[in-house]
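Presented below is the structure to which this report refers.
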Amino acid sequence: MKTNRRTNIFSFLLLLLLIAAIALTAVGCDEKKDDEASSTTTVTTTAATTAAATDVGEGAHSFMFEVVHLDGRKVTFNVKTDKTLVGEALVELGIISGEDGQYGLYVKTVDGETLDYDTHKKYWAFYVDGAYALSGVDTTAIEDGKVYGFRAE
């Protein structure tokens, strides 16, 4: 009877050890995938950031305008203009276009890529210095040195 009990305890401990080994293996695999994904993201971001800015327009005001396309590609413009609103300058230069709506300009096309939420379930989000903008592009006054942008979301 004692031998049978020892066998049961030994089997139980062996089972626990096996479960722990499987759990550690699974965790180790997940960490490797996360590391691979973050190095891929870092490489992509670094490669996209190193692209040279394209100079567009002429005028007394200047600002950087960054576009992050749906495929993750990043395009940067060094905008010069005499306009006072970001939207006015970008529309005049043909970088953005859209429709007038009840909340102002509904930007549908940025740097040649068109997104319409009703069709694509994606839209262009407006950013100022890397933060989601609290105003529309057509009501945002140009501040020299600021970085404005649109991201496909």
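Some points to look at:
- Filtered residues of region 105-120 (kept if among the charged types (D, E, K, R) and surrounded by 12 or more Cβ atoms within 10 Å (Cβ to Cβ)): Lys108, Asp111, Glu113, Asp116
- Taken over region 128-153, the criterion of being assigned to a strand (DSSP E or B) and in contact (Cβ under 8 Å) with a residue 60 or more places away in the chain is satisfied by Val147, Tyr148, Gly149, Phe150, Arg151, Ala152.
- Residue, nearest to Gly57 (Cα to Cα), within region 89-123, restricted to residues that are assigned to a strand (DSSP E or B) and among the small types (Gly, Ala, Ser): Ser97
- Residue match in region 105-115 (condition: out of contact with any His (no Cβ under 8 Å at 6 or more places or on another chain) and of a type in the set (Asp, Glu)): no
- Verdict on Glu66 being open to solvent by 40 Å² or more (accessible area, probe 1.4 Å), under 21 Å from Ala141 (Cβ atoms) and either in contact with a Phe, Trp or Tyr (Cβ under 9 Å, 6 or more places away or on another chain) or modelled with pLDDT under 95 (or both): yes
- Residues that are of a type outside the set (Ser, Thr, Tyr) and surrounded by 12 or more Cβ atoms within 10 Å (Cβ to Cβ) within region 121-137 comprise Lys122, Trp124, Ala125, Phe126, Val128, Asp129, Ala133, Gly136, Val137, listed in sequence order.
- Complete set of residues in region 89-104 that are open to solvent by 30 Å² or more (accessible area, probe 1.4 Å) and touching a strand residue (DSSP E or B) at 6+ places or on another chain (Cβ under 8 Å): Val91, Glu92, Leu93, Ser97, Gly98, Glu99, Asp100
- Hits in region 77-88 (condition: assigned to a loop (DSSP other than H, G, I, E, B) and either in contact (Cβ under 8 Å) with a residue 40 or more places away in the chain or touching a strand residue (DSSP E or B) at 6+ places or on another chain (Cβ under 6 Å) (or both)): Lys83, Thr84
- If the condition is being open to solvent by 80 Å² or more (accessible area, probe 1.4 Å) and either modelled with pLDDT under 95 or among the small types (Gly, Ala, Ser) (or both), then region 50-59 contributes Thr50, Ala52.
The values are calculated or read from the model by the stated rules, or taken from the named source; none is laboratory data. On a predicted model such as this, the values are computed, not experimentally measured, just so you know. No Cβ is skipped: glycine too gets one built from the backbone with ideal geometry, and neighbour counts run over all protein chains shown. In case anyone asks, the SASA skips ligands and DNA or RNA and just uses the protein heavy atoms, side chains included. Shrake-Rupley method; radii C 1.70, N 1.55, O 1.52, S 1.80 Å.
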